[in-house]
Amino acid sequence: MTNQDFILRSYNSNIENGHVKWSSPSNIALIKYWGKREHQIPENPSISFTLSNCKTITEVTYTKKGDKDFSFDVYFEGEKNEAFKPKIQTFFERIESYMPFLRDYHFKIETSNTFPHSSGIASSASGMSALALCLMSIEEDLGIDYADDYFNKKASFLARLGSGSACRSVEGELVVWGQNESTESSDLYGVKFQGDVHSNFKNYQDTILLVDKGEKQVSSTVGHKLMFGHPFAKERFAQAHSNLAKLKDILASGDLKAFIKIVESEALTLHAMMMTSMPYFILMKSNTLQIINELWNYRAENDSNVCFTLDAGANVHVLYPADEKEAVLNFIKKELTKYCQNGHYICDYTGLGANQIED
Ligand code: DP6
């Protein structure tokens, strides 16, 4: 499909008002998206586990208006929020050619997260996907009845224009984004992973250790830009393709040891790219490294299949198979919470994607 396939050509312009509500989860990348071209096109393919508990719930109330400017208010956890407006304004500008009704209505956007706001967890994936899904439901309210497949594709397409990783949150449990030779996918939207998935990866656990809840010094958007002219960019993008091909086979065979190698290498490579950018920067904290070392010791001593991944921050995602849940949680509580800010961590696991909330 191309951009053209996502343009809404005609709609019922007599609808005065309505409201829609969606809940959409966060996701954690196994192969990392880091580097993008214009229009949110990724430089390399990525694949992620969709999560279950870390979600954004967004309700949009729309009311017909007379003028042709964008008009919206944002409420975050019940309070009017001005800080989110510029990002949503940019999002509307990027998607308006696909949704010509955006200037016809005033939108009241009410949003909240199931995870604490100041947890250092990026809410852009769940937030932008929840908003994109709400806008798709409005499109349906305006008289268009979409097949699920098209609905999900366009929701993911729009979410990508809000934040790249958000396009991987619409469905679950594994979603690929970015053209590649090994799996069915697209640069324009995320696609549910079509390969075989061994039962070892069912209900995979992700415990997020909140090492640093503060604002990041360098945003992902700035980090992505630093991949332009990066000395290792070409090799990194090629590596993501070959890691995805390997991971596809690993997901089918259930080889947990091989899974660990790819996933941890991807996490460290992501941070290596940051450390070798110009300007260079470090998002890991000393407690991030303490956790990694403790986790490696635990794995060696217990012949465990626990591993870690990182997103663009200091928090550590501890990934492990469902049958190790009790043992790993005990280990986390006993040995790792001391490295977490205020001892905080969040228990999550793989999920099936976003849900519409009817009320
Ligand atoms: C490190 O999706 O937050 O989490 O497209 O600029 O909004 P923008 O960036 P974003 O980048 C996420 C990068 C990552 C890796 C990943 O999720 O694949």
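Read-outs: derived from the displayed coordinates by stated rules, not from any lab. Everything numeric in this text was worked out from a predicted model, so none of it was measured. Using ideal geometry, Cβ is built from the backbone for each residue, glycine included, and neighbour counts are taken over all protein chains shown.
Brief remarks follow.
- Global geometry of region 275-323, whether rounded, prolate or oblate, following the gyration tensor of its Cα atoms and the 1.5 cut on a/c: prolate
- With only the Cα atoms considered, the chain has a convex hull volume of 136 Å³ per residue.
- Cut-off under 5 Å, modelled amide H: who pairs with S71 long-range: F107
- Length gained on full extension, V222 to I41, computed as 0.36 nm times the residue gap minus the Cα-Cα distance: 63.6 nm.
- Remark: region 218-230, residue by residue, has Karplus-estimated 3J(HN,Hα) of 10, 6, 4, 4, 5, x, 4, 4, 6, 7, 5, x, 5 Hz, where x stands for each Gly or Pro and the curve is 6.51 cos²θ - 1.76 cosθ + 1.60 at θ = phi - 60°.
- Value at 222 nm in deg cm²/dmol, rounded to 500, when DSSP H runs of n ≥ 4 in the chain each add -39,500 (n - 2.57): -10500 deg cm²/dmol
- Here the Karplus curve 6.51 cos²θ - 1.76 cosθ + 1.60, taken at θ = phi - 60°, turns the phi angles of region 245-252 into couplings of 4, 5, 5, 4, 5, 5, 4, 6 Hz, with x standing for Gly and Pro.
- Lysines whose Cα lies under 17 Å from that of K65, excluding same-chain neighbours fewer than 8 positions away: K108
- Taking amide H as placed 1.01 Å from N in the peptide plane, the amide H of L8 sits under 5 Å from that of M99, each at least 5 places away or on another chain.
- Cut-off 18 Å, label 7 Å out along Cα→Cβ of D323, residues of region 173-199 by amide N: 197-199
- Residue order, fewest to most beta carbons within 10 Å, for C54, C340: C340, C54
- Residue by residue, region 4-11 carries 3J(HN,Hα) couplings of 4, 5, 9, 7, 6, 8, 8, 7 Hz when phi is fed to the Karplus relation 6.51 cos²θ - 1.76 cosθ + 1.60 (θ = phi - 60°); x denotes Gly or Pro.
- This ranking places E266, E38 by how few other beta-carbon atoms lie within 10 Å of each, fewest first, which gives E38, E266.
- Residue exposure proxy: I7, I138, ordered by other Cβ atoms within 10 angstrom of their Cβ from fewest to most, comes out as I7, I138.
- Sequence-distant aspartates and glutamates (8 or more away, or on other chains) whose Cα lies within less than 17 Å of K192: D148, D149, E171, E173, E181, E184, D249
- If the segment from A272 to D148 were pulled out straight at 0.36 nm per residue, it would be longer than the present Cα-Cα gap by 40.7 nm.
- Charging the Cβ of each Asp and Glu at -1 and of each Lys and Arg at +1, and nothing else, the dipole of the chain about its Cα centre rounds to 920 debye.
- Annotation: amide H-H contacts under 5 Å for V316 (H modelled 1.01 Å from N, sequence separation of 5 or more, or interchain): L209, V211.
- Calculated SAXS-style log₁₀ I(q)/I(0) at q = 0.15, 0.23 Å⁻¹ - region 235-359, Debye, Cα scatterers: -0.83, -1.44
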